[in-house]
1. For the stretch 86-99, how many residues are open to solvent by 10 Å² or more (accessible area, probe 1.4 Å) and more than 18 Å from Phe151 (Cβ to Cβ)?
2. Filter the stretch 140-168 down to the residues that are among the acidic types (Asp, Glu) and at pLDDT below 90 and list them by number.
3. Run Lys75 past the list (1) open to solvent by 60 Å² or more (accessible area, probe 1.4 Å); (2) under 22 Å from Val156 (Cβ atoms); (3) of a type in the set (D, E, K, R) and report the number of the one that doesn't hold.
4. Name the one entry in Ala138, Ala83, Ala121, Ala68 that is of a type in the set (Gly, Ala, Ser), touching a Ser or Thr at 6+ places or on another chain (Cβ under 9 Å) and open to solvent by 20 Å² or more (accessible area, probe 1.4 Å).
5. With respect to Pro427, determine if the residue is at pLDDT 85 or above and not aromatic (Phe, Trp, Tyr).
6. Spot the failing condition for Gly126; the list is (1) on the phi < 0 side of the Ramachandran plot; (2) modelled with pLDDT of 90 or more, and only one is missed.
7. How many residues are in a loop (DSSP other than H, G, I, E, B) and hydroxyl-bearing (Ser, Thr, Tyr) when one looks only at the stretch 61-102?
8. Using beta carbons and a limit of 6 Å, which pairs, at least six apart or on different chains, have the first residue in the stretch 417-437 and under 7 Å from His457 (Cα atoms) and the second one open to solvent by 30 Å² or more (accessible area, probe 1.4 Å) and assigned to a strand (DSSP E or B)?
Amino acid sequence: MPHFAHQPGAPDDCQAGGESPDHLYLKWCLLTSAQEAGADAAQEVEGPGGAWRADVLASDPGGRWRIALEAQLSKITSDDIQARSNRMLEDGVPSVWFCYRRAPWLGVVPSVRVGEVAKTAVVVEGLARFDDGQWVKADRMTLTEFLRRVFDRQMVTYSPERRTEGLVLDVLWVDERCLRAEADFQESVESARAGMEAERRREEEDLRLLDSRQREEDCLLESRLYEEEEAAGPSWRLTDAEERRLRLQQITRRMVRRVLAVVERKHRAAGMPLPHLGEAGEDTAGWASDALQTKGFRADHVGRTFGDERYAGGVPLMGEAAHPVAVIDPDPARAGSRVLAACVLVFTTWELRTRFLAEAPPPPWDVADQYVTLTLDFNPPNPAAVAVPVSTPLHVSIPQQPTDSTRTAAPCICPTPSLHAVFPEGPEAVEPCEETTPASACLIARCELCGGRYDGHWRRIPASPAGR
């Protein structure tokens, strides 16, 4: 069979004994490339005491470093090649291993796979570069250029964590500039993570402060109520019914304020725009009503205003039993009612809130120490979405209520009254009921029989199944 053998009579101590032509050629490539890279190089150099022997030993002409270049083509285990590398390293000589084909030890120790392009030895596997937040396979490099960068310490071995699927070797050769790029990238990622964490902590602190202020306000209200009851004496103490009503009013006001503030904050965190006044089907009152209803409140807004001075021209939101729980954008010149002081005053801009607190008279002393306000940061109206200019206030047609000049001023005392009320859509028949409704809280009902004002509870007459 064809094979390589010594000439007859060749000496037994021939240096090429036991080496294949491929191994000899790879050693020659390492020797010439190391010399072209500027190093002093020699073949078959033994270590101290013959503990090891380098295929090619490259050294600095100034004597600062030595590196063993090992051509390994025969089979060897990863443990054996690691042990050979450690023996050299104990004598201060690091090693770099080279092969032609993928070997099990490739990437276990500092190593690369080489090939040949246009009769020039090139490194085809074992190089990586940092790009767009991860390590990717680097372009091929001539063996001479690779050794020059290794000798100059421009390329070092590294085991990256974030890498593409094509980089399967554990130990890779990377440029030192790529290490700095990865460090800068990790620093930017950590900085962004720290910023997000700081923002989360600020939001939690804001919620904690909000809850703390709310609890403090509750304690102050309870303490003030107790002090007033003690100072007034037994004859002025609140009845059970009045105390329950006042407690319900305080709890409702506090919960309405919290619900609207939390919903607005969640909308802003999610990047969802808040509605503006005049937007079709999505004005401030409608948005606030929907927000309260999602939390179990029965809130219905009754128009923008019906001229009722109790709401100072603002939009009332009605809760259970038609009790007002909030008023949107009240006019400070018309403020001062007990109802307004007992509600949450919702403002759509900081300017409106500031003007109200500066110009409105103080609330009645027996209702609250100060007005409870909340500002919702609503977007300005889009001129393309509304028919009126931004600077023009929104006007709503208010139905004209019957006056005492055409009707009897005395209240209705009919046993079975025939009632009607004027709604924005026009007059409509209504009927007595057992509890106050949102419409009866704002509109006036009169009796067709006697013409007097009906002071009891009333509601719209439900539509019949056929009319529905």
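The values are calculated or read from the model by the stated rules, or taken from the named source; none is laboratory data. None of these values were measured; they are calculated from a predicted model. So basically every Cβ, Gly included, is an ideal-geometry build from the backbone, and we count neighbours across all protein chains shown. Accessible surface areas use protein heavy atoms only, side chains included; no ligands, DNA or RNA. Shrake-Rupley method; radii C 1.70, N 1.55, O 1.52, S 1.80 Å.
1. 4
2. Taking the stretch 140-168 as the starting set, the residues that turn out to be among the acidic types (Asp, Glu) are 145, 152, 161, 165.
Listed by number, the residues that qualify are Glu161, Glu165.
3. That leaves (2) as the condition not met.
4. Numbers: Ala138 fails: touching a Ser or Thr at 6+ places or on another chain (Cβ under 9 Å); Ala83 fails: touching a Ser or Thr at 6+ places or on another chain (Cβ under 9 Å); Ala68 fails: open to solvent by 20 Å² or more (accessible area, probe 1.4 Å).
Unique residue meeting the criteria: Ala121.
5. Details: at pLDDT 85 or above: no; not aromatic (Phe, Trp, Tyr): yes.
Judged against the criteria, Pro427 is not a match.
6. Tallying (1) on the phi < 0 side of the Ramachandran plot; (2) modelled with pLDDT of 90 or more, Gly126 fails exactly one: (1).
7. The initial filter retains those residues of the stretch 61-102 that are in a loop (DSSP other than H, G, I, E, B), namely 61-65, 72-77, 91-94, 100-102.
Adding the requirement that they be hydroxyl-bearing (Ser, Thr, Tyr) leaves 74, 77, 100.
Number satisfying all stated conditions: 3.
8. Cys433/Arg459
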